[in-house]
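Participant: Right, I'll just put the structure down here and ask away after.
The values are calculated or read from the model by the stated rules, or taken from the named source; none is laboratory data. Since the structure is predicted, the reported quantities are computational estimates derived from the model, not experimental observations. Note that each Cβ is placed from the backbone with ideal geometry, even for glycine, and that neighbours are counted across all protein chains shown. Just so you know, the surface numbers come from the protein's heavy atoms only, side chains and all, with ligands and any DNA or RNA stripped out. Shrake-Rupley method; radii C 1.70, N 1.55, O 1.52, S 1.80 Å.
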Amino acid sequence: FRRVLFRSPAAQKLFGRSEPELQQCGRDGLLIADDPSTQAALQEKARSGQFRGTVPMRHRDGRRLLVEVATVDFASEDGKILTSAVLRNVTERDSALAALRESESRLQLFIRYAPVALAMLDRDMRYVAASRRWRDDYGLGEREIIGQSHYAVFPELSETWKSVFRRALAGEVVRAEQDRFERTDGTVQWL
């Protein structure tokens, strides 16, 4: 498994190395050996004869690449066990996903601690985020509302409000100076 018999031009481009250089460095010269995911990949490959997953590898210039790998063992005509591997560079995708997660985390923090009553709902009127002020102003306390329907959280919503939400979801800009909101417990809030 350690000796490389053939590398495609795409592999040469991926690692920034010529065919002879790839032959010389072999698999172990490309893997980042001390990474736990690399060790897990090698163990799985040794155990089952195949592997599918993502492992860190090195470009010739030292850059760390995240490479999606799929391998399978097969027997050659002379009985030798050979391994076929398909590689795909997912470094940029992984970086973009990490940036997206960080951005979402910041947005969640912003919404949670905003000094105003603020909530974000999806197109099905399910909570995606809500500020503490929203929870306080509407007496929700620590009740888990993320993923819950706005109509389940506030079953007392009138058909008028539901109609306003439908119009807004259809693209209309809806404004009101103030509106009476009678709660299930009989209290009245002016919004």
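Participant: Residues with amide H under 5 Å of ALA130's amide H, sequence separation 5 or more or different chain, H placed in the peptide plane at 1.01 Å from N; which?
Facilitator: For ALA130, whose amide H was placed from the backbone, the distant partners under 5 Å are MET120.
Participant: Ranked by accessible surface with a 1.4 Å probe, highest first, in what order do THR160, THR83 come?
Facilitator: THR160, THR83
Participant: Let me ask something additional. Are there any GluC sites (Glu not before Pro) in the range 87-191 that are in a DSSP loop and have at most 13 other Cβ atoms within 10 Å? List them by number.
Facilitator: Those that pass, being in a loop and sparsely packed, are GLU142, GLU144, GLU156, GLU172, GLU177.
Participant: Something else: Please label the shape of the range 54-191 as rounded, prolate or oblate, based on the square roots a ≥ b ≥ c of the eigenvalues of the alpha-carbon gyration tensor (a/c under 1.5 means rounded; beyond that, a/b larger than b/c means prolate, else oblate).
Facilitator: The shape class here is prolate.
Participant: Could you rank ARG123, ARG175 by how accessible they are, 1.4 Å probe, largest area first?
Facilitator: ARG175, ARG123
Participant: Let me ask something else. Karplus couplings for the range 13-24 from phi (6.51 cos²θ - 1.76 cosθ + 1.60, θ = phi - 60°), rounded to Hz, Gly and Pro as x?
Facilitator: Result, ordered by residue: 5, 4, 9, x, 9, 6, 4, x, 5, 5, 4, 5 Hz.
Participant: Efficiency by 1/(1 + (r/R0)^6): what FRET value for ALA98 and LEU140, r their Cβ-Cβ distance, R0 = 30 Å, to the nearest 0.05?
Facilitator: Once the sixth-power term is evaluated, E becomes 0.40.
Participant: List the residues whose amide H sits under 5 Å from the amide H of VAL67, counting only those 5 or more places along or on another chain, with H placed 1.01 Å from N in the peptide plane.
Facilitator: VAL55, MET57, VAL90
Participant: Convert 37 °C to kelvin, take the viscosity as 0.692 mPa s, use the Kirkwood radius over C-alpha pairs of the range 1-128 as Rh, and evaluate the Stokes-Einstein diffusion coefficient in µm²/s, rounded to a whole number.
Facilitator: Using the Kirkwood radius from Cα pairs, D works out to 186 µm²/s.
Participant: How many angstrom separate the Cα center of the range 67-125 from the Cα center of the range 146-169?
Facilitator: 33
Participant: Moving on to the next point. Using a basic spin-label model with each label point 7 Å from the Cα along Cα→Cβ, how many nm lie between ASP179 and LYS13?
Facilitator: So the label points at ASP179 and LYS13 sit 5.6 nm apart.
Participant: Could you tell me how many cubic angstrom of Cα convex hull volume the range 110-184 has per residue?
Facilitator: Hull volume over Cα atoms, normalised by residue count, gives 107 Å³.
Participant: Let me ask another. Note down the accessible area of ARG88, probe 1.4 Å, to the nearest 10 Å².
Facilitator: Result for ARG88: roughly 130 Å² accessible.
Participant: Pop the C-beta distance of GLU156 and ARG112 into the FRET formula with R0 = 30 Å and round what comes out to the nearest 0.05.
Facilitator: Calculated value: 0.75.
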